[in-house]
Amino acid sequence: MASGTVSLGTAGRDAAAARARRLPRVTGRGLKAAAARVIPPLVVLAAFLLFWEIACARPTAGLPPPSRVLSEAWPIIADPFFDNGGTDKGLFWHIFASLQRVALGFFLAVVVGVLLGTLVGQSDWAMRGLDPIFQVLRTIPPLAWLPLSLAAFRDGQPSAIFVIFITSIWPIIINTAVGIRNIPQDYRNVAAVIRLNPLEFFWKIMLPSAAPYIFTGLRIGVGLSWLAIVAAEMLIGGVGIGFFIWDAWNSSHISEIIVALVYVGVIGFILDRLVAALGALVTRGTSAA
Amino acid sequence: MTAPAHLDLSQVGISFTRSGQTTEVLRDVNLKLAKGEFVSIIGHSGCGKSTVLNIVAGLLKASTGAVLLDGKEVSAPGPERAVVFQNHSLLPWLTVRENVALAVDKVLAKRKSRAERAAWVAHNLALVNMTHAADKRPNEISGGMKQRVGIARALAMEPTVLLMDEPFGALDALTRAHLQDQLMEIQMRLRNTVIMITHDVDEAVLLSDRIVMMTNGPSATIGEILPVPLARPRRRLDLVEDQTYVHCRAEVLEFLYARHAKPALAA
């Protein structure tokens, strides 16, 4: 690292050495490891794009090749922030609207799911009563709830949020219940000896102890809700990435659909990693127990 | 004893029913402790000695008989009967200090101000020499250290009776000896009433005023109570050839391995 610098005094060299010690990752080996992780996906991606380009090169092909996707959809890629009123908005606004629905629906699912999961995990009676119902309800596909929620709410926005809620709540309930059931008797004994009341027990013992399980449920839940929102928005209309895709299909803008799908995939991946990172942060002590 | 005992177990028995079959684990356990007394309960594994402790702690309910602490019947767990658990039972998501503070903040909330409680947590960590690791999490410290924190947490509740369930059972011999010495030193200062479960004969003789020896289960009960008339402070090295020590040790060994050997071992 110091080899690139021309003439350092003793003090300068010491400072450089100190910096090198503080940044142990910026070494030849670190770069090599990073390259080993980054290069294979890039190679595979390039090969896939090349294959796609060749396969769709004929003018009669059903799908546009990547080069044409790029040129046709360039306006929406270049300016995701335009807003011409109504539903004629940039991709950013559509994704933002979808994320808002997911955020609200998922937040409600977390609150209700953790509480219900705690109830099911804590009480044998609730477990016997609720578990069969949950097991049946959780197999219902998200979109099947949409007509029912439209009938109940008579509006697209709350219906979409309800679909997110009902889709993501099951893994949260089930994982929370398992986490609560797995709280070691030792922790319960400690809580009993110091006489924590039920509310303190919930906040100070149950939630942190079950956190690794809860976050597994949250991660599955956020993935499912992102799956569901795109489908739901295709049906309810309004601003949203799902509506954008359906609208593009109706206007035969296949290239725009492909760009939107890339965004959907990337956002879904980021959501998953965000929840995973949050979980790792919150449970850093517990999981190593 | 004419005065009512500080802690009084009378005719305590417990049975467990599993799939229609009832097993009597303890029967007619009678034991009286004076204030400040250190009593250990020793017996083969499975004889129900931990069950006795859990009944005194209130974590298990006796089927027959009762436990009285200062004349009041014990019916639920509480901080005046603090427990040092066998496997330390520290909460892994809290630091050492937070583990002790959780108990202190709950138990002493009415008696001490916030600042006093923080000082009391620090004081108890210092008592077991754990101040240096106060901000570490349990998975970052050794087994012996965890057990010391467990003891600090129990002592910090200002218990009337300290209950210890094989506190040093999971530790290596050197760490165990070290912690025993520390415990004796703390006990000299605080004069707690202590019930300790152990399966280690030397530990029982070294630490106790009396040793309660239990018969084998099912229907285990107290076989014999042996007083240990050794002066305190006791020093491990001085005791090795002490006649009283050797005699007590022999008595316990005789009880455990001759008169009440485990059936499986005797065969």
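Charges on Cβ only, +1 for Lys and Arg, -1 for Asp and Glu, centred on the Cα centroid of chain B; of B:12, B:108, B:220, which one is farthest towards the dipole's positive end?
Farthest along the dipole direction, towards plus: B:108.
Comparing B:156, B:34, B:109, which has the greatest mean-square fluctuation in the GNM of chain B with Cα pairs linked when under 10 Å apart?
Evaluated over chain B, the most mobile residue of the options is B:109.
Work out how far the C-alpha atoms of the protein assembly as shown reach from end to end along every principal axis, then list the three figures in whole Å, largest first.
104, 76, 56
Alpha carbon centre of the range A:255-281 versus the range A:116-180: separation in Å?
23
As a test of the formula, what do you get for chain B when each DSSP H run with n ≥ 4 contributes -39,500 (n - 2.57) and the sum is divided by the residue count, at 222 nm and rounded to the nearest 500 deg cm²/dmol?
Numbers: 9 runs with 94 residues, N = 267.
Dividing the helical sum by the residues of chain B leaves -10500 deg cm²/dmol.
Calculate the FRET efficiency for residue A:103 and residue A:38 from the Cβ-Cβ distance with a Förster distance of 30 Å, rounded to the nearest 0.05. Don't skip to the end; give the middle numbers.
Details: r = 31 Å, r/R0 = 1.02.
So, using R0 = 30 Å, E works out to roughly 0.45.
For the range A:33-90 and the range B:62-84, compute the distance between their C-alpha centroids and round to whole Å.
Here the two parts' Cα centres lie 72 Å apart.
Which one of A:176, A:275, A:144 is farthest out on the positive end of the charge dipole of the range A:92-282, using unit charges on Cβ (Lys, Arg +1; Asp, Glu -1) and the Cα centre as origin?
In the range A:92-282, that residue is A:176.
Please state the charge dipole magnitude for the range B:1-140, taken about the Cα centre, from unit charges on C-beta atoms (+1 on K and R, -1 on D and E), reported in debye and rounded to the nearest 20.
300
With springs only between Cα atoms under 10 Å apart, run a GNM on chain A and tell me which of A:90, A:242, A:221 wobbles the most.
Per the Cα network of chain A with a 10 Å cutoff, A:90 tops the list.
Once Lys and Arg get +1 and Asp and Glu get -1 on their Cβ, which of B:51, B:129, B:156 lies farthest toward the positive end of the dipole of chain B?
Positive-end residue among those listed: B:156.
What does the C-alpha gyration tensor say about the overall shape of chain A? Classify as rounded when a/c is under 1.5, otherwise prolate if a/b is larger than b/c, or oblate.
Oblate, because a/c is 1.5 or more while a/b does not exceed b/c.
If you place +1 on the Cβ of every Lys and Arg and -1 on the Cβ of every Asp and Glu, how big does the dipole about the Cα centre of chain B come out, in debye to the nearest 20?
The calculated dipole for chain B is roughly 800 debye.
In nm, to one decimal, how far is the residue A:136 label point from the residue A:54 one, both placed 7 Å along Cα→Cβ?
With each label point 7 Å from Cα toward Cβ, the separation is 5.4 nm.
On the accessible surface of the range B:14-126, probed at 1.4 Å, how many percent belong to carbon and sulfur atoms?
After summing per-atom areas, the C and S share lands at 50 percent.
State in Å² the accessible area per residue of the range A:92-282; use a 1.4 Å probe, count heavy atoms of protein chains only, and round to the nearest integer. If you can, show how the numbers build up before the last one.
Numbers: 9090 Å² over 191 residues.
Accessible surface, normalised per residue, equals 48 Å².
Which helices count as membrane-span-like in chain A under these terms: full DSSP H, at least 24 Å along the axis by C-alpha, Kyte-Doolittle mean of -0.5 or more?
Passing helices, by number: A:28-55, A:91-122, A:156-181, A:207-236, A:254-282.
On a full-extension model of 0.36 nm per residue, what is the gain between residue B:190 and residue B:246, subtracting their alpha-carbon distance, rounded to one decimal in nm?
Values: separation 56, 0.36 × 56 = 20.16 nm, distance 2.76 nm.
Roughly 17.4 nm would be gained on extension.
To make sure I understand the rule: partners must be aspartates and glutamates, Cα under 16 Å from the Cα of residue B:110, and not fewer than 8 residues away in the same chain. Which ones qualify?
Once the sequence-local aspartates and glutamates are set aside, what remains near residue B:110 is B:80, B:158.
At a Cα cut-off below 15 Å, give the aspartates and glutamates reachable from residue A:204, other chains included and same-chain residues fewer than 8 away excluded.
In chain and number order, the partners are A:186, B:98, B:105.
Using the Cα centre as the reference, give the magnitude of the dipole from point charges on the C-beta atoms of the range A:92-282 (Lys, Arg: +1; Asp, Glu: -1; all else neutral), rounded to the nearest 20 debye.
Value, rounded to 20: 460 debye.
When chain A is treated as a GNM, springs tying every alpha-carbon pair under 10 Å, which of A:60, A:167, A:118 comes out with the largest mean-square fluctuation?
Comparing A:60, A:167, A:118 in the GNM, the peak value goes to A:60.
Could you tell me the relative contact order of chain A? Use alpha-carbon pairs under 8 Å, at least six residues apart, and round to a whole percent.
Over chain A, the number comes to 20 percent.
Note the full-extension length gain between residue A:197 and residue A:143 as 0.36 nm times their separation in residues minus their Cα-Cα distance, in nm to one decimal.
15.3 nm
Between residue B:126 and residue B:177, take the C-beta separation as r, use R0 = 25 Å, and let me know the FRET efficiency to the nearest 0.05.
E between residue B:126 and residue B:177, to the nearest 0.05, is 0.70.
Run the numbers on the range B:1-56 and let me know its relative contact order in percent, using alpha-carbon pairs under 8 Å that are six or more apart. Spell out each step's value before the answer.
Values: 61 pairs, mean separation 17.5, N = 56.
Over the range B:1-56, the number comes to 31 percent.
On full extension of the chain, what length is gained from residue B:224 through residue B:23, given 0.36 nm per residue of separation minus the C-alpha to C-alpha distance? Can you show the working numbers first?
Numbers: separation 201, 0.36 × 201 = 72.36 nm, distance 2.30 nm.
Result: 70.1 nm gained on full extension.
Compute for chains B and A the buried accessible surface, both sides summed, probe 1.4 Å, and express it in Å² to the nearest 100.
Numbers: alone 13040 and 17480 Å², together 28710 Å².
Using a 1.4 Å probe, the pair buries roughly 1800 Å².
If you take every residue apart from residue B:174 with its C-beta less than 15 Å away from the C-beta of residue B:174, what net charge results, scoring Lys and Arg +1 and Asp and Glu -1? Show your work: numbers first, answer last.
Details: positive: B:148, B:176, B:236; negative: B:172, B:181, B:200, B:202, B:203.
Neighbourhood net charge equals -2.
Using a 1.4 angstrom probe on heavy atoms only, work out the carbon and sulfur share of the accessible area of chain A in %.
70
Enter the angle in degrees (range 0 to 90, nearest 10) between the Cα long axis of helix B:114-127 and the first principal axis of the Cα atoms of chain B, meaning the one along which they spread out most.
So the helix axis and the longest Cα principal axis differ by about 50 degrees.
The values are calculated or read from the model by the stated rules, or taken from the named source; none is laboratory data. This is a predicted model, so every value here is computed, not measured. Ideal geometry is used to build each Cβ from the backbone, glycine not excepted, and the neighbour counts take in all protein chains shown. Note: accessible area is taken over every heavy atom of the protein model, side chains too, but ligands, DNA and RNA are not part of it. Shrake-Rupley method; radii C 1.70, N 1.55, O 1.52, S 1.80 Å.
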